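> Attaching a single structure in structure tokens format; questions to follow.
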Amino acid sequence: MTSLSESLSMFTDRVMDCIKTKKKIMVLTHMDCDGLTSGSIIGKALIRAGANCTIRSSMEFSLKVAKSLSKDGRDLHIITDLGGGFASDIDRELGERWMVLDHHHIPETEMDNERVINSWKFGVDGGVDVCAGGMAYLAAEYMDKDNSDLSPLAIVAALGDRQDQGEKRSLTGKNKEISKTAEDLGLLEVDMDLLLYGRETRPIADALAYTSQPYIKGVTWERGACATLLKNAGIEIKKSGRWRVPAELTQDEKVAIIDAIAKYAPGPGITEAMTEIIGHTYTLTGEESGSFLRDCREFGTMLNSCGRIGKPGVGMAVSMGDRDAMLSVAEETLREYKSRIREYMNIISNDRWRITTHDYTVMVNAEGVVPETMSGTIASMISGSPKYNGKIIILRTSGSENTIKFSARKAQGCAVPVSLSELLQKGTECFGGMSGGHDMAAGARIDKEKLDDFLDHLEANVNNIQGNNTPQSE
Ligand code: C5P
């Protein structure tokens, strides 16, 4: 089997050949944060190299998408963050006119296909050590060393894809190597700091209240309690008439906040929570202080919001460097996304019939509420609730063309020994449909009339896998 550098060399040769002979290239990418960043990285590298290229995004890959590519008149298709499991279909539709850069699990049959440049083929764990943004970055850097200034985008991709699974929410493997490149170029600062949600943009009390990882009873979601707690800790929350944000806190103030939380919310787990609230932060030095692009995690949330509420082009434009009109549209999109999340979460928690808790799973029926583009976001939010620690969350909602879209996530502390991508894949093998993803997060789509069979199958399989294991208690 070829090595990663041989694959990247083949990729570069094919792209450069297209550019020299003035052939047309299409980049097709996924519409989430990792997709938009990987598409932007490769798109920018192509444009810099003088390519005639177009970039398109898609919610998912399918035979229909492969067929549409065969008719678009392009000479080469670069598919990022998509396409896993479809190699033989794409081969049939496009012949040699395609390459994939990806990190999702792929079937054994795709391992020898040289057009599939997937991290797992090269022994790199695509679940945590690299994402599609990282794979696209490695390809761009191979094309031209000067593309190393695109490394920060690969970090946004990794954090947006929640690959910060190393010690103290750090990046590992290839992601860590790429972050080192970005640091060496002075484009990224990696620090150890309070991991508050909205480090650069939210008033401190809001950031504390909206931080749910770790979940701190009496503090998380309790804006009033957070304001009191900060006051007691002697923290100035406003300066010159403007709300201060977490990134402005001094070292002493951070220590005072940690002490205050521990006093305010004593109880089991507080020491652990206080350890978890400190971790690695990734800051883009070239972005303005107070901008939602400065903290890589916030940048990632913005990109997810653009992709998931139908404005992938806006996210792509900002990723590729637009800091004018598109930036304010992106900000508005982010606001809209947050408000939709609140609305969907409220409906789901008020309509109690929508959630059914079993020994190992929590089934969420979000039909008629959550659009399919946001099923993953809402499943992830639910999996963050301490109520569901140890469980597998399986959310379903209505999809296009009479289908049902599933998003599965493992909640914190879930030790059920099953890969969610395998679980869903077994189901789609039996009842038709498509699935894919990772051990901890996976998605699927099935025909609506297969719903009952599919649900029975999931339940039976989770229980089977568990065997004699004891269920996690709530
Ligand atoms: O759609 P959702 O966010 O739930 O998907 C979870 C993960 O599974 C994502 O990384 C997504 O790209 C992947 N996935 C996939 N193939 C599918 C559905 C989801 O690779 N058919």
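The values are calculated or read from the model by the stated rules, or taken from the named source; none is laboratory data. Since this is a predicted model, take the numbers as computed values, not measurements. Cβ placement follows ideal geometry from the backbone for every residue including glycine, while neighbour counts extend to all protein chains displayed.
> Is it true that Val370 is of a type in the set (Val, Ile, Thr), farther than 20 Å from Gly307 by Cβ and within 15 Å of the ligand (Cβ to nearest atom)?
no
> Restricting to the range 1-27, give me the number of residues that are more than 27 Å from the chain's Cα centre (by Cα) and among the small types (Gly, Ala, Ser).
Residues flagged as more than 27 Å from the chain's Cα centre (by Cα) and among the small types (Gly, Ala, Ser) within the range 1-27 amount to 1.
> Checking Asp447 against (1) crowded, with 17+ Cβ neighbours inside 10 Å; (2) within 16 Å of the ligand (Cβ to nearest atom); (3) in contact (Cβ under 8 Å) with a residue 40 or more places away in the chain, which test does it fail?
Evaluating Asp447 over (1) crowded, with 17+ Cβ neighbours inside 10 Å; (2) within 16 Å of the ligand (Cβ to nearest atom); (3) in contact (Cβ under 8 Å) with a residue 40 or more places away in the chain leaves (1) as the failure.
> Out of the range 24-64, which residues are crowded, with 21+ Cβ neighbours inside 10 Å, within 16 Å of the ligand (Cβ to nearest atom) and part of a helix (DSSP H, G or I)?
Passing the criteria: Cys33, Asp34, Gly35, Leu36, Thr37, Ser38, Gly39.
> I've got another one for you. Among the numbered criteria (1) closer than 19 Å to Arg445 by Cα; (2) within 16 Å of the ligand (Cβ to nearest atom); (3) in contact (Cβ under 8 Å) with a residue 12 or more places away in the chain, which single criterion is violated by Glu401?
With (1) closer than 19 Å to Arg445 by Cα; (2) within 16 Å of the ligand (Cβ to nearest atom); (3) in contact (Cβ under 8 Å) with a residue 12 or more places away in the chain applied to Glu401, the lone miss is (3).
> Can you confirm whether Thr21 is at negative phi, within 16 Å of the ligand (Cβ to nearest atom) and of a type outside the set (Gly, Ala, Ser)? Give the derivation first.
Numbers: at negative phi: yes; within 16 Å of the ligand (Cβ to nearest atom): no; of a type outside the set (Gly, Ala, Ser): yes.
So Thr21 does not fit the description; no.
> Separate question: With respect to Gly83, determine if the residue is under 30 Å from Glu422 (Cα atoms) and within 20 Å of the chain's Cα centre (by Cα). I'd like the intermediate steps shown before the answer.
Numbers: under 30 Å from Glu422 (Cα atoms): yes; within 20 Å of the chain's Cα centre (by Cα): yes.
Yes, satisfied.
> So is Gly267 farther than 21 Å from Asp32 by Cα, at pLDDT below 95, in a loop (DSSP other than H, G, I, E, B) and touching an Asp or Glu at 6+ places or on another chain (Cβ under 9 Å) or not?
No; evaluated as a whole, the condition is false for this residue.
> I'd like to check something: does the range 462-469 contain any residue that is within 15 Å of the ligand (Cβ to nearest atom), surrounded by fewer than 18 Cβ atoms within 10 Å (Cβ to Cβ) and without any contact (Cβ under 8 Å) to a residue 24 or more places away in the chain?
No - not one qualifying residue is present in the range 462-469.
> Right, another one. Tell me whether the range 299-311 contains one or more residues that are surrounded by fewer than 17 Cβ atoms within 10 Å (Cβ to Cβ), closer than 24 Å to Ile55 by Cα, out of contact with any His (no Cβ under 9 Å at 6 or more places or on another chain) and not polar (S, T, N, Q).
Looking for residues that are surrounded by fewer than 17 Cβ atoms within 10 Å (Cβ to Cβ), closer than 24 Å to Ile55 by Cα, out of contact with any His (no Cβ under 9 Å at 6 or more places or on another chain) and not polar (S, T, N, Q), one finds at least one in the range 299-311, hence yes.
> Related question: Filter the range 406-419 down to residues that are more than 16 Å from Asp456 (Cα to Cα) and surrounded by 24 or more Cβ atoms within 10 Å (Cβ to Cβ) and give me whichever is nearest to the ligand (Cβ to nearest atom).
Filtering the range 406-419 for residues that are more than 16 Å from Asp456 (Cα to Cα) and surrounded by 24 or more Cβ atoms within 10 Å (Cβ to Cβ), the one nearest to the ligand (Cβ to nearest atom) comes out as Ser407.
> Here's something else I'd like to know. Please go through the range 380-395 and pick out each residue that is within 13 Å of the ligand (Cβ to nearest atom) and either aromatic (Phe, Trp, Tyr) or free of Cβ contacts under 8 Å to residues at least 40 places away in the same chain (or both). Reasoning before the result, please.
Step one: of the range 380-395, the residues within 13 Å of the ligand (Cβ to nearest atom) are 380-383, 392-395.
Across the range 380-395, the qualifying residues are Ile382, Ser383, Ile393, Leu395.
> Also, quick follow-up: Within the range 332-364, track down each residue that is buried (at least 19 other Cβ atoms within 10 Å of the Cβ), within 16 Å of the ligand (Cβ to nearest atom) and either closer than 29 Å to Gly315 by Cα or free of Cβ contacts under 8 Å to residues at least 60 places away in the same chain (or both).
Tyr337, Tyr344, Ile348, Val362, Val364
> Just checking, how many residues over the range 200-234 are farther than 27 Å from Gly300 by Cβ and surrounded by 21 or more Cβ atoms within 10 Å (Cβ to Cβ)?
Total meeting the criteria: 1.
> Moving to a separate point now. Among the listed residues Gly234, Gly224, which satisfies the condition of being farther than 27 Å from Gln165 by Cβ, over 22 Å from the mean Cα position of the chain (by Cα) and in a loop (DSSP other than H, G, I, E, B)?
Details: Gly224 fails: in a loop (DSSP other than H, G, I, E, B).
Gly234 is the lone residue from the list that is farther than 27 Å from Gln165 by Cβ, over 22 Å from the mean Cα position of the chain (by Cα) and in a loop (DSSP other than H, G, I, E, B).
> Taking the range 183-204, which residues are outside any loop (DSSP other than H, G, I, E, B) and either hydrophobic (A, V, I, L, M, F, W, C) or closer than 21 Å to Gly234 by Cα (or both)?
Selection gives Leu188, Val190, Met192, Asp193, Leu194, Ile204.
> Of all the residues that make up the range 289-311, how many are assigned to a helix (DSSP H, G or I) and in contact with a helix residue (DSSP H, G or I) (Cβ under 6 Å, 6 or more places away or on another chain)? Please lay out each step first, then the result.
Of all residues in the range 289-311, those assigned to a helix (DSSP H, G or I) come to 296-308.
Filter again for in contact with a helix residue (DSSP H, G or I) (Cβ under 6 Å, 6 or more places away or on another chain), leaving 296-297, 299-300, 302-308.
Looking only at that region, the number is 11.
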